Amino acid sequence: MTGSQLWDDVDDYFISQLAPDDEALQAALRENEAAGLPDIAVTAAQAKFLQLLAQLQGARTVLEIGTLGGYSTIWLARALPEDGRLVSLEYSARHAEVAVRNIARAGLDRVAEVRVGPALESLPKLADENPPPFDLVFIDADKANNAHYVEWALKLTRAGSVIVIDNVVRGGRVADPDSTDPDVLGTRAAIDLIATHPRLSGTAVQTVGRKGYDGFALARVLA
Ligand code: SAH
Ligand code: DHB
Ligand code: MG
């Protein structure tokens with residue numbers, strides 16, 4: 001569902017006041033469009049929200065699942081210290097190529113790295129490297145695998161880490177217990193995991209705006 005004019009107007013107002021873009025972010029969106037990537041990056045207001053979460057968290061390391069053209073990656077990488085590290089996993093080599101250029105143009109290529117391949121293949125490889133725990137994980141890829149991504153996030157984080165999942169509402173379809181849509185099933189499985197896992201405490205919040213009616217889930221990793 002696309003949003004109402006009112007949702008767009010309010011988003012434009014908040015974004016112009018609170019989350020203005022700059023050359024690198026404008027260029028990233030321009031390049032995404034020029035390369036024919038889908039127009040599904042988070043909005044600037046959502047990206048700033050993620051950036052603030054990373055800063056509140058004092059994050060030094062971020063794991064992102066689903067890079068697209070690196071728009072959210074740039075906002076998140078800007079929350080990190082100079083010696084911070086962001087690893088972003090992207091299935092499509094074509095998307096990743098655009099992202100790598102966008103990240104370099106933003107001057108973040110020493111902080112943010114894109115790894116190409118299905119995330120469920122990249123994640124075990126990443127785990128084999130025994131990286132320091134990630135302070136924040138942003139899950140924004142194929143929704144059917146959302147619960148698997150939460151499981152991997154649990155392996156790659158520490159007590160106090162934060163997990164964010166994008167697009168958990170999708171126009172409200174998440175509330176349908178009879179859905180057979182793999183995306184809905186994957187997201188419902190992730191919500192179920194957050195609800196029942198002894199190491200997770202979480203919630204989900206609905207949003208409206210330029211990207212329609214959707215929402216984020218947020219979970220904190222416990223002991
Ligand atoms: N986080 C981005 C948007 C990501 S869109 C932003 O807000 O700017 C979702 C991305 O996930 C797409 O680029 C898609 O190619 C990627 N994707 C889909 N399936 C995937 C998989 N199995 N593993 C990794 N990435 C995947
Ligand atoms: C889709 C994916 C996203 O990550 C998003 O933010 C919006 C839409 C999609 O696959 O349609
Ligand atoms: Mg998304």
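The values are calculated or read from the model by the stated rules, or taken from the named source; none is laboratory data. Quick caveat, the model's predicted, so the values are computed rather than measured. Heads up, the Cβs are rebuilt from the backbone with ideal geometry, glycines too, and the neighbour counts pull from every protein chain shown. Side chains included, ligands, DNA and RNA excluded: accessible areas come from the protein's heavy atoms. Shrake-Rupley method; radii C 1.70, N 1.55, O 1.52, S 1.80 Å.
A count restricted to the range 150-182 and to residues that are within 24 Å of Lys211 (Cβ to Cβ) and within 16 Å of the chain's Cα centre (by Cα) stands at 11. Just checking, does the range 70-90 include any residue being open to solvent by 20 Å² or more (accessible area, probe 1.4 Å), closer than 17 Å to Ile139 by Cα, at pLDDT 95 or above and within 14 Å of ligand 1 (Cβ to nearest atom)? Checked the range 70-90: no residue is open to solvent by 20 Å² or more (accessible area, probe 1.4 Å), closer than 17 Å to Ile139 by Cα, at pLDDT 95 or above and within 14 Å of ligand 1 (Cβ to nearest atom). Would you point out the residue of the range 42-61, among those that are under 21 Å from Arg85 (Cα atoms) and aliphatic (A, V, I, L, M), that is nearest to ligand 3 (Cβ to nearest atom)? Going through the qualifying residues, I end up with Val42. Are there any pairs with C-beta distances below 6 angstrom linking a residue in the range 169-184 that is over 18 Å from His148 (Cβ atoms) to a residue that is assigned to a loop (DSSP other than H, G, I, E, B) and of a type in the set (A, V, I, L, M), with the two at least 6 apart or on different chains, and if so which? Here the result reads Gly171/Met1, each pair linking the range 169-184 to a residue that is assigned to a loop (DSSP other than H, G, I, E, B) and of a type in the set (A, V, I, L, M).
For first residues located in the range 32-47 and open to solvent by 20 Å² or more (accessible area, probe 1.4 Å), partners that are away from ligand 3 (no atom under 14 Å from the Cβ) and in a loop (DSSP other than H, G, I, E, B) and lie 6+ apart or on another chain with Cβ distances below 8 Å form the pairs Ala45/Ala19.
Beta carbons closer than 8 Å, at least 6 apart along the sequence or on distinct chains, pair a first residue in the range 99-115 that is without any contact (Cβ under 8 Å) to a residue 12 or more places away in the chain with a second that is of a type in the set (A, V, I, L, M, F, W, C) and open to solvent by less than 60 Å² (accessible area, probe 1.4 Å) for Asp109/Ile103. With respect to the conditions (1) within 14 Å of ligand 3 (Cβ to nearest atom); (2) among the charged types (D, E, K, R); (3) surrounded by fewer than 16 Cβ atoms within 10 Å (Cβ to Cβ), Glu64 falls short on a single one, namely (3).
When residues in the range 185-215 are screened for being within 27 Å of Gln57 (Cα to Cα) and touching a residue at least 60 places away in the same chain (Cβ under 8 Å), 6 of them pass. Return yes when Leu25 is among the hydrophobic types (A, V, I, L, M, F, W, C), open to solvent by 30 Å² or more (accessible area, probe 1.4 Å), under 23 Å from Phe216 (Cβ atoms) and under 17 Å from the mean Cα position of the chain (by Cα) and no when it is not. No; evaluated as a whole, the condition is false for this residue.
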